[in-house]
1. Output the qualifying pairs, or none if there are none: Cβ atoms under 6 angstrom, residues six or more apart or on different chains, first residue in the range 92-120 and in contact (Cβ under 8 Å) with a residue 12 or more places away in the chain and away from ligand 2 (no atom under 14 Å from the Cβ), second residue open to solvent by less than 40 Å² (accessible area, probe 1.4 Å) and small (Gly, Ala, Ser).
2. What pairs come out if I take residues in the range 343-365 that are open to solvent by 10 Å² or more (accessible area, probe 1.4 Å) and pair them with residues that are at pLDDT below 95 and assigned to a loop (DSSP other than H, G, I, E, B) whose C-beta lies under 8 Å away, six or more apart or interchain?
3. Could you tell me how many of the residues in the range 54-77 are within 16 Å of ligand 1 (Cβ to nearest atom) and over 17 Å from Gly346 (Cα atoms)?
4. Restricting the search to the range 42-53, which residues are more than 6 Å from ligand 1 (Cβ to nearest atom), open to solvent by 10 Å² or more (accessible area, probe 1.4 Å) and either modelled with pLDDT of 95 or more or under 16 Å from the mean Cα position of the chain (by Cα) (or both)?
5. Inspect the range 261-274 for any residue being under 29 Å from Leu484 (Cβ atoms), surrounded by fewer than 19 Cβ atoms within 10 Å (Cβ to Cβ) and touching a residue at least 60 places away in the same chain (Cβ under 8 Å) and give the result as yes or no.
6. Identify, by number, the condition in (1) modelled with pLDDT of 95 or more; (2) crowded, with 19+ Cβ neighbours inside 10 Å; (3) closer than 25 Å to Pro280 by Cα that Arg109 doesn't meet.
7. Of everything in the range 239-260, what is closer than 28 Å to Arg435 by Cβ and open to solvent by 10 Å² or more (accessible area, probe 1.4 Å)? Give them in sequence order.
8. Limited to the range 433-478, what total is found for residues that are out of contact with any Leu (no Cβ under 8 Å at 6 or more places or on another chain), open to solvent by 40 Å² or more (accessible area, probe 1.4 Å), closer than 30 Å to Arg498 by Cβ and not charged (D, E, K, R)?
Amino acid sequence: MPQDVIIIGSGAAGLTAALALADKLKVLVLAKGVLTGGSTAWAQGGIAAVLDAGDTFEEHIRDTMVAGAGLNRLETVEFVIERAPHAIQRLVELGVPFNAEGNDFHLTREGGHSHRRIVHVNDATGWAVQSALLKAAEAHPNISLLPGRSCIDLITGKHEQRYSGSGRVWGVYALNEATGRVEAHTARATVLATGGAGRVYQFSTAPRGATGDGIAMAWRAGARVSNMEMMQFHPTCLYNLEVKNFLITEAVRGEGGHLLNPRTGHRYMPDYDERAELAPRDVVARANDAEIKRDGLDYVHLDISHKPPEFVREHFPNIYEKLLSLGIDMTKGPIPVVPAQHYTCGGVLIDLTGRTDLPGLYAAGECTESGLHGANRLASNSLLECFVFGEAAAADILARWDSFDAPPKVRGWDESRVTDSDEEVVIHQNWAEIRRFMWNYVGIVRTTKRLERAAHRIKLLTEEVEDYYGHFRVSTDLIELRNLLQCADLIVRSALQRHESRGLHYTLDFPDMLKVARDTVLVP
Ligand code: FAD
Ligand code: SIN
């Protein structure tokens, strides 16, 4: 049955949009796997907002622009930052138990911020936010939550029973992960809130499902994507051969943690930047990478053991327990850390209303390029972006509702020419291959030659995967592989187009920054 609005994704962006729409409209939320499977539930540090008497919007705006190396769109930065206190208030009303100091929020500090301005729930802010949003969505009679749906492709005019060829989006084809059948879900408006593409890299702090599905779906349907070369690497992911993607929050540095070379014990960050450990992430990640490569290390050390043990345990209870279970006592000694992919700054191009290029298609959160982050996201600005654009998209849908037509009859998914796969190994082999060459050739430090090598491999793999996709029934792994490859292609093409080093895009062939900042916009 057609819905009013379909939202793809049940993280901070998707559920914020759902809750903002549901008093007026019927909303269906689709999610791959479980409803808590996105990055939102994993967020640690917190949410940036001007809440301290000594802090100002101007300073938060300036910090965001400095971190973003001037590629940010000022009107978006102002739009988001001025709405941050309202977003926090809304979360408080939903029951998020932010840490407090008397009547005020307890604010922590992270790299690139000139003030303490991060509200948090201990060191597990994301879980508290995800739980509160989900509780409210589950309780709302107008919201239906459908987990276990891997969306494959957007339904557009091409899929209408009376073919129109228009780019109007009418919903999405989704694989029911339990039955293996593909369902067509239609609606008057569709919101993409599918998160990032971090899993395109071998080492990433992001969850398993961060495979850029929404970015790839929007691109295939005809929407522009922007700044995909701006992949953020977090400086401090735990180095552990079994636990591969556990983040050590930036707040550890914010509360006084030092980065040390494990061979010499030298605190090296002051040698790289006057802001030392509190420099923006791109600077710290590159410094860690340089120390590791120069001395042939497996990791560097993050040390906060000079602080009183009760201070460390109180501020970082979850990280402390997790590390203790792995035999590391962070109150007594350093934590081995490495940089890892962390955040996708580029994505589907949207405006301040969350509209994409395609009529009927909105997008919010990490799958978008809204102009907020520019060439490097300032820490803790991304959950904020989810709340602001989730609400903005909902507001625009409500304002324009009378102009949205009911969806037409669309064609069902055609399985007449495919069979069950007899070569699953192709999928696993290609997943691993993409992630390895993206890490080695399209990582923290790039060169044109390495990017060209990656482009060549992407071309070969694309032929193989498209052939496979054309012959066999879809599975979640196959859907994700196709999207990972699509995103890898968008990242490499964007990186090859940028002939400068700016923010997260650092290339030895163009080490300087050009005078004028320009977005890399790819047009399908
Ligand atoms: P997500 O929360 O990632 O949700 C994506 C949703 O889309 C999921 O429900 C998923 O199932 C669904 N989905 C994806 N593909 C499909 C498909 N094909 N079909 C159906 N559904 C699909 N940011 C901060 O601001 N502060 C922090 O402290 C912070 N800490 C972080 C710590 C970690 C370890 C990580 C990985 C990120 C952190 N970030 C932080 C970034 C932040 O968590 C994310 O940018 C943000 O949560 C993204 O929210 P989202 O709603 O856009 O997507
Ligand atoms: C962290 O806690 O270090 C992550 C914060 C962020 O990604 O914004």
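The values are calculated or read from the model by the stated rules, or taken from the named source; none is laboratory data. Everything numeric in this text was worked out from a predicted model, so none of it was measured. So basically every Cβ, Gly included, is an ideal-geometry build from the backbone, and we count neighbours across all protein chains shown. Protein only, heavy atoms only, side chains kept; ligands, DNA and RNA dropped before computing areas. Shrake-Rupley method; radii C 1.70, N 1.55, O 1.52, S 1.80 Å.
1. Cβ pairs passing all conditions: Leu94/Ala132; Leu94/Ala136; Gly95/Ala132; Val96/Ala128; Val96/Ala132.
2. Asp357/Gly167; Leu358/Gly167; Pro359/Ser166; Pro359/Gly167
3. Here is the first cut: in the range 54-77, the residues within 16 Å of ligand 1 (Cβ to nearest atom) are 60, 63-64, 67-68, 72, 76-77.
Next, from what is left, pick out any that are over 17 Å from Gly346 (Cα atoms): 60, 63.
Number satisfying all stated conditions: 2.
4. Matches in the range 42-53: Val50, Leu51.
5. No, the range 261-274 contains no residue that is under 29 Å from Leu484 (Cβ atoms), surrounded by fewer than 19 Cβ atoms within 10 Å (Cβ to Cβ) and touching a residue at least 60 places away in the same chain (Cβ under 8 Å).
6. Among (1) modelled with pLDDT of 95 or more; (2) crowded, with 19+ Cβ neighbours inside 10 Å; (3) closer than 25 Å to Pro280 by Cα, the lone unmet condition for Arg109 is (1).
7. Tyr239, Asn240, Leu241, Glu242, Val243, Lys244, Asn245, Phe246, Leu247
8. 4
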